[in-house]
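One structure is given here, and the rest of the page talks about it.
The values are calculated or read from the model by the stated rules, or taken from the named source; none is laboratory data. All figures in this text were calculated on a predicted structure; none of them were measured in a lab. Cβ coordinates were reconstructed from backbone atoms using ideal geometry, including for glycine residues, and neighbour counts include every protein chain displayed. Only protein heavy atoms, including side chains, enter the accessible area calculation; ligands, DNA and RNA are left aside. Shrake-Rupley method; radii C 1.70, N 1.55, O 1.52, S 1.80 Å.
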Amino acid sequence: MAPFPSFRSAPQRIADVQGARVHEFTLPAGSDEAVIRSFGEEWTKFHRFSAEDLRVAGEELFDLWPATLDARSTRMLDLGCGSGRWTRFLADRVGHVDAVDPSDAVLKAAEANADLPHVRWSKAHGEELPFDDAVFDVTLCIGVLHHVRDPRRVLAEVWRTLRPGGLFYFYLYYAMEQRSALYRLLHRMSELLRGLVHRLPGVVKRPLCDVLALLIYLPLVSLARMLKALGVAWWKRMPLAYYHNKSFRLMRNDALDRFGTAYERRSTRAEIEALLQGAGFTDVRFSTQPPYWHGTVRKSEMHRTT
């Protein structure tokens with residue numbers, strides 16, 4: 001098992017959650033409290049997933065995971081861990097995980113995954129990570145940067161804490177640049193709906209997003225499933241066809257993620273590549289499979305310290 005990386009500063013407090021310890025650090029001034037609170041509510045509601053849900057979504061998302069990593073010595077950071085589902089999915093492929101989230105959801109994540117002995121949980125912000133320089137071999141940032149108003153600040157911290165030659169595994173929402181004009185029009189209409197829903201109090205927003213999953217996600221996904229069964233070649237181009245092999249629970253989760261957040265940015269593949277290269281990363285690789293866009297970059301070996 002890989003040794004735990006050092007903290008560069010002491011936590012403000014350490015909470016004990018069903019036998020798991022959560023190290024709580026002071027969040028930086030100017031943190032987007034509305035976004036953090038929204039995702040805290042989301043991952044508190046959806047903090048457990050079935051093994052099958054994790055397998056189906058995880059195999060698609062981590063198709064670029066390098067087989068050469070040493071599962072005993074690799075130290076991984078799950079940045080914006082939310083429910084801790086990707087920490088759990090990848091736990092047996094690494095020697096140690098630092099799972100970090102700025103919201104109270106990390107408390108639920110620690111509770112739900114307290115059986116993972118080589119995971120350390122922290123409540124901290126990606127703009128001020130509480131770790132020493134160059135301590136991680138792999139950093140995940142899955143579905144996070146598109147909800148951050150200044151992703152460059154987070155990427156600077158990712159770069160600082162990643163060892164030279166280390167891997168950064170990312171997923172950011174795509175701008176639908178390869179989709180039809182009609183598809184993009186439907187998305188703009190959904191943006192108008194999100195603008196209304198995310199302002200509602202959580203006690204209203206959460207059940208409303210369940211209703212949206214039932215009335216929007218499920219019918220479109222069911223149609224995509226039917227077209228696929230009939231052998232219709234273009235079924236993958238249907239809106240929400242990505243969920244054809246996903247459970248309704250995942251649809252509910254993603255409906256809350258989609259309509260419940262106060263801030264969301266979508267980027268083209270070229271914009272994401274420019275953002276990552278501007279942060280100092282090299283060797284950009286994008287998966288050709290959904291969800292778009294996910295991929296990997298590396299911190300150059302040239303930055304190895306002597």
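Side notes on the structure shown:
- Qualifying position, being over 23 Å from Lys246 (Cβ atoms) and either open to solvent by 20 Å² or more (accessible area, probe 1.4 Å) or of a type in the set (S, T, N, Q) (or both), among Arg72, Arg85: Arg72
- Of the helices (runs of 4 or more DSSP H) entirely within the range 139-230, those holding at least 3 residues that are modelled with pLDDT under 95 occupy 181-197, 202-212.
- Number of positions in the range 184-243 that are of a type in the set (Lys, Arg), under 25 Å from Thr44 (Cβ atoms) and surrounded by 14 or more Cβ atoms within 10 Å (Cβ to Cβ): 3
- Each residue in the range 15-29 was checked for being touching an Asp or Glu at 6+ places or on another chain (Cβ under 7 Å) and either acidic (Asp, Glu) or part of a strand (DSSP E or B) (or both), and 3 of them qualify.
- Within the range 98-123, considering residues that are in contact with a His (Cβ under 8 Å, 6 or more places away or on another chain) and aliphatic (A, V, I, L, M), the one nearest to Pro151 (Cα to Cα): Ala105
- Only listed residue being more than 16 Å from the chain's Cα centre (by Cα) and closer than 25 Å to Asp210 by Cα, chosen from Ser103, Ser50, Ser83: Ser50
- Residue check, Arg249 assigned to a helix (DSSP H, G or I), surrounded by 17 or more Cβ atoms within 10 Å (Cβ to Cβ) and within 20 Å of the chain's Cα centre (by Cα): no
- Members of the range 116-130 that are surrounded by fewer than 23 Cβ atoms within 10 Å (Cβ to Cβ) and within 26 Å of Pro66 (Cβ to Cβ): Leu116, Pro117, His118, Arg120
- Matching residues in the range 16-58 - criterion: being open to solvent by 40 Å² or more (accessible area, probe 1.4 Å), within 19 Å of Cys141 (Cβ to Cβ) and acidic (Asp, Glu): Asp32
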